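The values are calculated or read from the model by the stated rules, or taken from the named source; none is laboratory data. As the structure is a computational prediction, the values presented were derived from the model and not from experiment. A quick note on method: Cβ atoms are made from the backbone with ideal geometry, for glycine too, and the neighbour counts reach across all protein chains shown.
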C-alpha cells in the first residue's frame, strides 16, 4: 500500500507515513507467527488462540472453543463480517 493508492470514495483520509509503517510492521510480525497460533476477534477482544492437539480450530458445531485462548491483545478490532 502506498500513499499514491486511490482512496476515492473512502470515508477516511489516506494513511499517513506513520500508519503505513505500522501496517508494514504488523505484516512482518504476522510472518513470524508460529503455525500453532492464530488470532480470533470476538466481542471487541483480540484473542490469541493455540491450535489444540487434534489441530481442529473449529468445534463440531462450527464455533470456536474458548478453552484454546492463551492470551489477549489490547487493540481496537471488530470480529464482524462485512
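Here are the numbers for the structure shown:
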| read-out | value |
| --- | --- |
| Subset of region 10-27 (residues that are exposed (fewer than 12 other Cβ atoms within 10 Å of the Cβ) and either more than 22 Å from residue 79 (Cα to Cα) or touching a helix residue (DSSP H, G or I) at 6+ places or on another chain (Cβ under 8 Å) (or both)) | 13, 16, 17, 18, 21 |
| Filter result for the condition that a residue is in contact (Cβ under 8 Å) with a residue 12 or more places away in the chain and loosely packed, with under 14 Cβ neighbours inside 10 Å, over 62, 43, 55 | 43 |
| Verdict on residue 28 being out of contact with any strand residue (DSSP E or B) (no Cβ under 8 Å at 6 or more places or on another chain) and either modelled with pLDDT of 95 or more or on the phi > 0 side of the Ramachandran plot (or both) | yes |
| Filter pass, residue 18 being more than 15 Å from the chain's Cα centre (by Cα), part of a helix (DSSP H, G or I) and at pLDDT 95 or above | yes |
